[in-house]
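Right, one structure below, let's go through it.
Bear in mind these aren't lab numbers, they're just calculated from the coordinates by the rules spelled out. A quick note: this is a predicted structure, and the numbers were derived from the prediction, not measured. Because the Cβ atoms are built from the backbone with ideal geometry, glycine has one as well, and the counts that use them run over all protein chains shown.
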Amino acid sequence: MASKTAEKFKVNRGTAGGDSFYVTDVTTLADGSVKRETYRSDNKGNNKVLVQTVQVDKDGKLTKDEISSNASIEERRDLRNPKSQMRNGIKNSVNSVKDELVDNNIDGVTDSTIDKSANGSGNAALNEVQTGDNSRPSGAIKADAKTRDSFPTGLKYPVDMAEAQDVIKFDMLKYEPKKVSGFGFSERNSDRASIGSVILPIPGGISDANACDWGGDSMNPLQIAGAGIALSMLDNNSVIGDGLSGALGDLKNQVVSNTGAVKGAIGGATAASAIGSDINSLLGRTQGVILNPNLELLFQRPSLRPFSFEFKMSPRSSDEAARIVEIIRFFKQGMAPIRDESRLFLKTPHTFRIKYVQQGEDSKFLNRFKECALLSCNIQYTPEGNYAPYEDGAMSSYSMSLQFKELEPVYNDEYSDFDDTNIGF
C-alpha cells in the first residue's frame, strides 16, 4: 500500500464562481486496486473538505464513485463534464503522482489502473459513455452531424468586467425529455452539465410575473343532484346499493319539500330537452326564473412565466466586437431547431439555465428561474438610428432583446428549497 498527495490545482469558474482550489490523494491498495480522493482546500492546500471518492479494481473497473454531500452544485456539474477544468485538474494530479506510485508500491498496481482512477462522474450512465452531458437522448433519433452541442464557456461583455460585478449568467443545456412515471412524468435533471455560457451585466427593467389561471364555473341544481348520485356510487366506504339509495333518498326529500318549484324545474328541463332549447331560456320566458347557477371562481391551471431582457453592447475594441458577435451567435444558434439525419423529424432546441449572481453567489434578493426556452432573439444592428460601422466592419453598437419562458410552472412546495430571507421563485 502506498499513498501520494498531488499538488493543489485551481479551477476558475469566472465571475459567477471565482477561484476554487483542490487537492487529490491517490492510494494503491494491497489487492491491486486504487483509491482516489479529491478535496476542496484553501489556496494553500489546507482545510481540506472531501468532494469525491473513486475506487477502481486491479483491472481498472470502476467499483466506487461517490460525490460527497459537501460538493457544491458547480462541483457536481464539473465532475459530470469530462472536459471541465476540474476533471482535467484531477487527471493532471493523478498523472503527476503516477510514476512514483508505480515505482514504490509492491501491490502490482499498473500505471493504466492509476489512470482509470481519474475517471468517475458520480453517475453510472455517464461513466459508461464519458460524455460532457448527462441528459438523456431525445429518443433514438440522431441529430444531423453538423449540429452544434458545444459552445464557448464564460463569454462575457464587457471583456474587462470586474470580478465583483453583479451579473446575469446564461448556461445553455441540451434539452432533456421526460419519461412517464405513474400518473405523471419523471423530474427533469436540473443539474446536468452546461454546454456553453454567457455572462452579462444585469440589465435595467428586470421583473417577474407569477400568475395562475382562475375562471368562473357554474353547476345548476339538476347537475349537482346527478353528480351527487354518481359520487355516491363511487364512495369507498359504502356498497353501491347503499350509496345509491342514500343519495336517491336525499333527492326525494328535497323534491317533497320543494314540490312546486321542483316540478316546474323538471317540467322545464323536459320541455327544453324536447325542443333542443336551453333550460334557463325556457324558464326565464315562462316563469321569470332561472336555475341557480352556483357560480364560483375556480382554479383552472398554473401558468408559465415569461422573461424579457434587453442588452445594449457597444464594442470598444476589435476583441470586444468579436466577443459580442460570439454572444449573439451563442443565443441565435442555441435556440434554433435541430434537424435529424433523415430530415423527417425536428429535435427540440437547446434550453437555458438562468441566474442572477450578486457578490459571487446566487442572488437572494432577485427571483430564481426554472429551466427556460428561448422564444425569440431580436437584434438591432443600428440601435442609434445610423449605420456607422468601424473600419473592420463591426457595428458601433448592438441591441439584443431576449424573450424566455420557463418549461414548467412554479409550485408551492418548491419554495421550501429557500428560507424566508430569500425571494425564491
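Tabulated data for the structure shown
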quantity	calculated
Sequence ranges 402-411, 283-292, ranked by mean other-Cβ count within 10 angstrom, highest first	402-411, 283-292
Ranked 36, 87, criterion: other C-beta atoms within 10 Å, fewest first	87, 36
Where N is the number of residues in region 1-49, Cα Rg divided by 2.2 N^0.38 Å	1.38
Rounded FRET efficiency, nearest 0.05, which uses the C-beta distance separating residue 180 from residue 392 and R0 of 60 Å	0.65
Unsatisfied cross-links (Cα-Cα over 28 Å) in the set 61/169; 8/61; 58/179; 8/58; 4/169; 35/146	61/169; 58/179; 4/169; 35/146
Rounded FRET efficiency, nearest 0.05, which uses the C-beta distance separating residue 329 from residue 149 and R0 of 22 Å	0.90
Cut-off under 5 Å, modelled amide H: who pairs with residue 173 long-range	195, 351, 352, 353
Residue 165/residue 423 FRET efficiency (R0 25 Å; Cβ-Cβ; nearest 0.05)	0.75
Cβ-based charge dipole, region 175-219, positive-most Cα from 181, 202, 219	181
Charge dipole of region 318-425 about the Cα centre (unit charges at C-beta), most positive-ward option of 327, 369, 344	344
Anisotropy class of region 316-366 from Cα gyration tensor, a/c 1.5 cut	oblate
Span from the region 353-425 Cα centroid across to the region 138-177 one, whole angstrom	13
